[in-house]
Amino acid sequence: MKIRKVNKDVTYNEFLHDPIYTKLIDNVERLGKDIFDISKRVNLQAYFEGFTFYTYLKYRGTPIDIIPRLLSLSFFNKISDYLIARNYVLNRFIKEVYEEKNSPIPDWIIKTNPYYRPEMIGFTPPKGIYTHVYGADIVRVSGNPYILEDNLRIPSGISYAYKAFEYTQRFLSILSEGYKILDIYGLEYLNEILRYVSGTKDPVIVLLTEGTYNSAYFEHKFISDKLGIILAEPNDIKVKDGEVVVDTVDQGEVHVDVIYRRIEDLDYLTPGLMKAYLRGWVTLVNAPGTGIADDKASFVWVPYLAERYGIKMEGVIQPLTLCLYEKENLEKVLNYPTRYVIKKREGYGGIGLAIVKDDNINVIKEVLKEYENFIAQEVLDFDTVISVIGDSFYETYADLRFFVYYDKVATAILSRVGILGSRVTNNSSGGMVKPVWIIE
C-alpha cells in the first residue's frame, strides 16, 4: 500500500500507528488494484441511488471514501459517556437562560446570538428537554480525542453515516474479515426520543423540511422513509382551532403531535407554528432557542458550566479557544494569526471558518471590523487517515461526528474527510464521507 502524504509535516496516521488496523490493511492489500475500480463502482452506484448533497445550486454526488475508519468499543464508550454528560450541561444551560431567567455567561453573548428566542423565557418544553438531537465534532490528536464544536440547532449527517456503512458492507465485505463489527443504531434512538416527548402512545410525527433544494434533503427523506414518519414542507403545515395539522395525500388534514424540524426560520416559513408550540399544541424538536448553546462564544464557557452544574465531563479534551471580544485574546491572534482557526460565532458547515495562511489577510480585516463576533481556536495537527482517491491511496485529514439523542449515542458515526491537504472536512467544502466501524 503506497500512501501519498497530504503534508510533509504530518507525523501521525492512525491507520499506521493503531494496531486495530492491522487486519484491515492486510485485507486492503489482498484486493490490490481492484480496490480502485470498486471505489469508482461504489460512488457511481451511490450517485444513481440518489446519495447526493445539494450545494452551489446543483446536486452533486456525496463522495464515499471506501476504506473504513475503526474505533475500539472502549474508545466509543469513553466518548459516549463524555457526550451524554456534555449534552446534559448544554440542556441545563439553555434551561437556566430561559426558565430561570439567568445568564450564567456574559449576557451580551446570549442576547446578540441570532438564534436567541426571548419568547421562550418562562416556557418549559415537554419533558424539560431542549436538545433532543446533538451533533458533536471530534478529532483525534495522537490518538487522543478533542471536541471542536457543538451542533444543536438542526445537526445533520446521520443518514450519511448509515449509507457509507451500507455501501462498504455491500461492495467490500472482504474488508471486514477478521473483525466483529458492532451493529449501527441511531435512528431507533431518534424515534424513541420523538415518541417520548410527544406525551402520547401513538403520536403523529412530522419531519419538516424546506424541500428538495435543502442541502440535506437526502437525509430528510431517508429518515422519513426509515422511521415511517410524514415528510412535510412548510406549506403543508397549518395551525387551526387549537391544533397543528398537516396536509397528507391519502388522509387529508391530520393532527400533528411532534415536528422534527430541519429548518431554522419558523416565523417566516410556518406562520403561527411558534405560537402553537408555546401554547402546548405541538412539540418541536429541537426546541427553538437552542442556538444560544450552539454559539461558538458559548463553546468557550462549557467547562465552566459543567463545573457550575456539578456535571463531570471526562475523557475528551476541549482545545484552547479564545473569545476575541477580550482585548488580550484579540492581540494574541493578530500577532500570531497562523496559530489559530478563526470561526464566526454563528458559522456552520465550514461557513465563517478560516485557517489563516501567511498571505491571507482578508479574514483578519473582517475580524477587526467586528471582533466580538469571532472566536479563535488553536490549530490542531489532528490525525490523518488513509483514503482512496482516484487510483491512489492518500493521507488525508478526517473528523468524527457523533450523534447524541439526549441520553443515547448512536453507533452510526460519520467520519468526514477533507479534500487533499485541507483540515476543513464539511460536505459543503467538497469533502468525502468515510464509514466508521466500532470493533468489539
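The values are calculated or read from the model by the stated rules, or taken from the named source; none is laboratory data. These numbers were taken from a predicted model, which means no experiment stands behind them. Neighbour counts are summed over all protein chains in view; Cβ atoms, including those assigned to glycine, are modelled from backbone coordinates with ideal geometry.
A few notes on this one:
- Scanning the stretch 53-94 for residues that are among the β-branched types (Val, Ile, Thr) and over 26 Å from Asp294 (Cβ atoms) yields Ile64, Ile66, Ile67.
- Set Glu395, Glu372: member being outside the structural domain of Pro155 (by TED's automatic domain parsing), modelled with pLDDT under 95 and either among the charged types (D, E, K, R) or under 15 Å from Asn151 (Cα atoms) (or both): Glu372
- Hits in the stretch 246-263 (condition: part of a loop (DSSP other than H, G, I, E, B) and either buried (at least 16 other Cβ atoms within 10 Å of the Cβ) or modelled with pLDDT of 95 or more (or both)): Val256, Asp257, Arg262, Ile263
- Where a residue in the stretch 247-274 is on the phi < 0 side of the Ramachandran plot and its partner, wherever it lies, is among the acidic types (Asp, Glu) and part of a helix (DSSP H, G or I), with Cβ under 9 Å and at least six apart: Asp247/Asp236; Thr248/Asp236; Arg262/Glu219; Leu273/Asp267; Met274/Glu119; Met274/Asp267
- Filter result (in a loop (DSSP other than H, G, I, E, B), in contact (Cβ under 8 Å) with a residue 60 or more places away in the chain and over 22 Å from the mean Cα position of the chain (by Cα)) within the stretch 301-343: Ile311, Lys312
- Answer from Gly289, Gly242 - the residue that is surrounded by fewer than 18 Cβ atoms within 10 Å (Cβ to Cβ) and at positive phi: Gly242
- Residue count, the stretch 400-422 (criterion: surrounded by fewer than 20 Cβ atoms within 10 Å (Cβ to Cβ) and touching a strand residue (DSSP E or B) at 6+ places or on another chain (Cβ under 9 Å)): 4
- Note on the stretch 268-300: residues that are part of a loop (DSSP other than H, G, I, E, B) and either in contact with a strand residue (DSSP E or B) (Cβ under 7 Å, 6 or more places away or on another chain) or under 26 Å from Leu322 (Cβ atoms) (or both) total 8.
The rows are residues; the columns are (1) modelled with pLDDT of 95 or more; (2) in a strand (DSSP E or B); (3) over 23 Å from the mean Cα position of the chain (by Cα); (4) farther than 22 Å from Glu264 by Cβ.
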position: Ser80; (1), (2), (3), (4): yes, no, no, yes
position: Leu83; (1), (2), (3), (4): yes, no, no, yes
position: Asn102; (1), (2), (3), (4): yes, no, yes, yes
position: Ile110; (1), (2), (3), (4): yes, no, no, no
position: Phe123; (1), (2), (3), (4): yes, no, yes, no
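- Any pair with Cβ under 6 angstrom, 6 or more apart, that starts in the stretch 144-173 at a residue that is at positive phi and ends at one that is of a type outside the set (S, T, N, Q): Gly157/Arg401; Gly157/Leu414
- Selected residue [out of contact with any Leu (no Cβ under 9 Å at 6 or more places or on another chain), under 30 Å from Val417 (Cβ atoms) and among the hydroxyl-bearing types (Ser, Thr, Tyr)] from Tyr260, Tyr336, Tyr340, Tyr325: Tyr336
- Residue satisfying all of: in the stretch 399-423; among the hydrophobic types (A, V, I, L, M, F, W, C), modelled with pLDDT of 95 or more and in a strand (DSSP E or B); nearest to Lys163 (Cα to Cα) among these: Leu414
- Verdict on Ile84 being under 15 Å from Tyr309 (Cα atoms), touching a strand residue (DSSP E or B) at 6+ places or on another chain (Cβ under 7 Å) and assigned by TED's automatic domain parsing to the domain that holds Glu149: yes
- Residue pairs whose Cβ atoms lie under 6 Å apart, sitting 6 or more positions apart in sequence or on different chains, and linking a residue in the stretch 97-121 that is in the same structural domain as Ile263 (by TED's automatic domain parsing) to a partner that is of a type in the set (Ser, Thr, Tyr) and assigned to a helix (DSSP H, G or I), are Met120/Tyr98; Ile121/Tyr98.
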